[in-house]
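Asker: Once you've had a glance at the structure underneath, I'll fire off some questions.
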Number of protein chains: 2
Amino acid sequence: MTPSTSLTRAWIRLMRAQRVVLGAIEQDLKSAGLPPLGWYDVLLELSRVEAGRLRPYEIEDRTLLAQPNLSRLLDRMERMSLVRREAFAGDGRGQWVVITEAGRVMRERMWVVYAASLQAHVGAKLADAEADGLADLLAKLSR
Amino acid sequence: MTPSTSLTRAWIRLMRAQRVVLGAIEQDLKSAGLPPLGWYDVLLELSRVEAGRLRPYEIEDRTLLAQPNLSRLLDRMERMSLVRREAFAGDGRGQWVVITEAGRVMRERMWVVYAASLQAHVGAKLADAEADGLADLLAKLSR
DNA sequence: CGGATATAAATGCAACTGCATCTATATCGA
DNA sequence: TCGATATAGATGCAGTTGCATTTATATCCG
């Protein structure tokens with residue numbers, strides 16, 4: 001049941017590439033005095049939906065964050081006034097997570113840095129056609 | 001400076017694929033009662049070299065582990081008798097990290113599970129030629 | 001209706017990471 | 001040779017993650 005060398009090599013490079021690029025991006029965000037990428041993911045999901053609000057479990061599904069981690073991430077974001085929690089009428093257990101105006105502003109500020117960083121660390125190394133090929137191959141892995 | 005959609009899509013899928021596959025592999029190791037993947041990486045590097053020993057900074061270079069993290073990982077591995085630290089003659093600041101027989105056995109036990117997991121979570125989804133293509137594209141990113 | 005079960009989210013705790021700092025030893029240059 | 005600087009590795013601490021458990025509310029079924 002030993003995987004082929006092709007396979008092993010691809011996996012090792014996947015780990016390495018992700019680590020290198022993610023590290024570089026996080027570093028760029030930190031240098032700009034901005035919060036880590038996880039915050040961006042949450043803000044993006046919230047700003048994508050019309051009402052600017054989602055249930056925590058919906059955010060979970062979209063971001064692959066584990067429930068307790070999301071709960072505490074929301075605590076931190078709420079402390080920074082980027083989101084606010086509101087009661088969910090109709091189910092006493094539930095709540096809405098609502099993005100604030102400050103949250104929208106933060107998402108945009110983060111995107112400026114994130115986009116430049118992506119361009120520098122990925123875009124500069126991959127032509128568009130290559131990126132498409134990569135995306136297709138990677139898509140097979142998450143399914 | 002906005003990255004193309006191709007680029008963004010590739011990056012998001014890279015993050016997702018790595019998270020999904022790594023999560024599955026770690027889960028398989030844990031289910032088998034084995035330590036996490038980081039331990040494997042260290043054991044592998046040590047077992048690869050003829051004398052079965054490396055300086056900590058050499059392990060760092062090969063695994064991308066941060067120095068303080070490696071230092072403590074070695075503590076844990078030493079507690080489990082998988083490696084042992086020895087003085088490095090010729091530089092009083094340095095040391096050797098030596099893999100023990102138990103360490104070699106552990107590496108092999110981990111590889112059995114790791115290999116099966118890789119096969120299941122990557123191999124089953126990617127033909128060899130695709131894996132080669134993926135590896136080539138990913139190689140461009142770490143450079 | 002009322003007890004068993006399920007679901008939404010929070011909390012406690014241990015392990016791990018990143019980061020800054022510290023200690024000890026080496027090296028370099030006046 | 002000696003003080004300044006660099007390097008190897010360890011340690012302290014705060015922030016984060018994973019995992020198990022808890023709390024509160026819903027739902028389901030006899």
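Asker: Only residues that are of a type in the set (K, R) and within 16 Å of DNA strand D (Cβ to nearest atom): list them for region A:92-109, please.
Answerer: A:R93
Asker: Let me ask something additional. Only one of B:A116, B:A89 is within 16 Å of DNA strand D (Cβ to nearest atom) and either assigned to a helix (DSSP H, G or I) or farther than 19 Å from A:G23 by Cα (or both). Can you tell me which? I'd like the intermediate steps shown before the answer.
Answerer: Working: B:A116 fails: within 16 Å of DNA strand D (Cβ to nearest atom).
Result of the check over B:A116, B:A89: B:A89.
Asker: Let me ask something additional. Condition test on B:L141, is it in a helix (DSSP H, G or I) and modelled with pLDDT of 95 or more? Full working, then the answer.
Answerer: Numbers: in a helix (DSSP H, G or I): yes; modelled with pLDDT of 95 or more: no.
Criteria not met by B:L141.
Asker: So which residues in region B:93-143 are of a type in the set (V, I, T), surrounded by 15 or more Cβ atoms within 10 Å (Cβ to Cβ) and more than 9 Å from every other protein chain (Cβ to nearest Cβ), if there are any at all?
Answerer: B:V97, B:V98, B:I99, B:T100, B:V113
Asker: Something else: Out of B:R84, B:R104, B:R109, B:R53, I need the residue that is free of Cβ contacts under 8 Å to residues at least 40 places away in the same chain and among the charged types (D, E, K, R). Which one?
Answerer: One residue alone meets the criteria, B:R84.
Asker: Quick one: in region A:14-23, which of the residues that are more than 15 Å from the chain's Cα centre (by Cα) and surrounded by fewer than 21 Cβ atoms within 10 Å (Cβ to Cβ) is farthest from A:L134 (Cα to Cα)? Steps first, answer last, please.
Answerer: Residues of region A:14-23 that are more than 15 Å from the chain's Cα centre (by Cα), as a first pass: A:14-17, A:20.
Next, only the ones that are surrounded by fewer than 21 Cβ atoms within 10 Å (Cβ to Cβ) stay: A:15-16, A:20.
Values: A:M15: 14, A:R16: 15, A:V20: 17 Å.
Result: A:V20.
Asker: Continuing with the same structure: Give me the pairs, please: first residue somewhere in region A:129-143 and under 11 Å from B:L138 (Cβ atoms), second residue anywhere and open to solvent by less than 50 Å² (accessible area, probe 1.4 Å) and outside any helix (DSSP H, G or I), beta-carbon distance under 8 Å, and either six or more positions apart or on two chains.
Answerer: A:L134/A:L126; A:L137/B:L126
Asker: Test of understanding: among B:L73, B:L65, which residue is within 11 Å of DNA strand D (Cβ to nearest atom), in contact (Cβ under 8 Å) with a residue 24 or more places away in the chain, open to solvent by less than 50 Å² (accessible area, probe 1.4 Å) and not in a strand (DSSP E or B)? Before the answer, list the steps.
Answerer: Numbers: B:L65 fails: within 11 Å of DNA strand D (Cβ to nearest atom).
On inspection, the qualifying residue turns out to be B:L73.
The values are calculated or read from the model by the stated rules, or taken from the named source; none is laboratory data. Computed from a predicted structure; not experimentally measured. Reconstructed Cβ throughout: ideal geometry from the backbone, glycine too, with neighbour counts over all protein chains shown. Accessible surface is based on the protein model in full, side chains and every heavy atom, while ligands, DNA and RNA are left aside. Shrake-Rupley method; radii C 1.70, N 1.55, O 1.52, S 1.80 Å.
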